[in-house]
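Heads up, the thing below is written out as structure tokens.
The values are calculated or read from the model by the stated rules, or taken from the named source; none is laboratory data. Not measured: the values here are computed from a predicted model. A quick note on method: Cβ atoms are made from the backbone with ideal geometry, for glycine too, and the neighbour counts reach across all protein chains shown. Areas reflect the complete protein model, heavy atoms only, side chains present, ligands, DNA and RNA absent. Shrake-Rupley method; radii C 1.70, N 1.55, O 1.52, S 1.80 Å.
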Amino acid sequence: MKIVILDGYTENPGDLSWEGFEKLGEVTVYDRTPAEKVVERIGDAEAVITNKTPLTKEVFEACPQIQYVGMLATGYNVVDVEAAAKRGIPVCNIPTYGTAAVAQMTLALLLEACQHVGAHSDAVKAGEWTKSADWCFWKYPLIELAGKTMGIIGFGRIGQAVGILAKAFGMRVLAYDGFPTQEGRKIADYVELDELFAASDVISLHCPLFDSTRGIINKESIHKMKDGVIILNTSRGPLIVEEDLAVALNNGKVYAACCDVVSTEPVEADNPLLGCSNSILTPHIAWAPKESRQRLMDIAVSNLAEFLAGRTVNAVNM
């Protein structure tokens, strides 16, 4: 089988191996593929592996030999899954590889908002402690998490992992999810969304991006929140109306917003969150520890191996 990997760099910038795929067929790897080169680079490949490179209806029409599409991600919105399904092409994603990594990043963002570790380290290295009249100083308010309430919107694997970490810090955990589970009830109290908004000191987003969740953080929902709330987003950028959040950051309603994702990625120069001093923005790296990416690679290879053995797994369109 001929296999083409259209945008392999973010998954494997050189610290992993494509050997697993190479055992399954003839592999061509591109670091990145612009839209106008997609059909040309697919060529006569039967298996197409993509992360963020779009595969449209037109691509499938131009490449009728495609038998399989593998994602190097959980999300698959870049693929026209209906067009693929009509041609009998499974689109297989990676559903569970990053739970620990994303939960860890969520708490890292929260701790940075509460402790400002980076800013205080920079201040020490700039000589401010050496010149200080006192034996210690702090440049920002420091926040203790014990006794605070974290509200988690979307309480699947990652949301529950975040809830466990929050409880380890002594926080009360509230959860909003359309499908409560017994496992979830061991970690959190399920509540309605408005109650979560009203009661939470920290709100963390871990829900999928659907029409019903797009813009779930907006001026109306922010108005229902506590003054000084902290908002975390390691899920999907469009869950937040960024203009509304920027207003709330600038007027102090929201103490801090910590986002690993934004509405358009890479972040655009005019994104309103860039101009907020109380925003923390990171470049979509929650998924990216080497251990997490290795799990992703292993599952992606396994997905294709199962397909070649006649057992399609993790298909999102069949």
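Among the residues of the range 177-212, those identified as open to solvent by 20 Å² or more (accessible area, probe 1.4 Å) and among the hydroxyl-bearing types (S, T, Y) are T181, Y190, S212.
Taking (1) closer than 29 Å to T312 by Cβ; (2) open to solvent by less than 10 Å² (accessible area, probe 1.4 Å); (3) part of a helix (DSSP H, G or I) in turn, L110 satisfies each apart from (1). Selection of the range 108-145 for residues being within 27 Å of G228 (Cα to Cα) and among the polar types (S, T, N, Q) yields Q115, S121. Go through A257, A300 for me and flag whichever is open to solvent by less than 60 Å² (accessible area, probe 1.4 Å), among the aliphatic types (A, V, I, L, M) and not in a strand (DSSP E or B). After ruling out the rest, the residue left standing is A300.
The set of residues from the range 268-286 being touching a strand residue (DSSP E or B) at 6+ places or on another chain (Cβ under 8 Å) and open to solvent by 70 Å² or more (accessible area, probe 1.4 Å) comprises just one member, L274.
Is at least one residue of the range 198-205 part of a loop (DSSP other than H, G, I, E, B), touching a helix residue (DSSP H, G or I) at 6+ places or on another chain (Cβ under 6 Å) and hydroxyl-bearing (S, T, Y)? There is no residue in the range 198-205 that is part of a loop (DSSP other than H, G, I, E, B), touching a helix residue (DSSP H, G or I) at 6+ places or on another chain (Cβ under 6 Å) and hydroxyl-bearing (S, T, Y). Scanning the range 272-297 for residues that are outside any helix (DSSP H, G or I) and either β-branched (V, I, T) or under 16 Å from the mean Cα position of the chain (by Cα) (or both) yields I280, L281, T282, P283, H284, I285, A286, W287, A288, P289.
Taking the condition buried (at least 17 other Cβ atoms within 10 Å of the Cβ), under 24 Å from L296 (Cα atoms) and of a type outside the set (S, T, N, Q), does V79 pass?
On the way: buried (at least 17 other Cβ atoms within 10 Å of the Cβ): yes; under 24 Å from L296 (Cα atoms): yes; of a type outside the set (S, T, N, Q): yes.
So V79 fits the description; yes.
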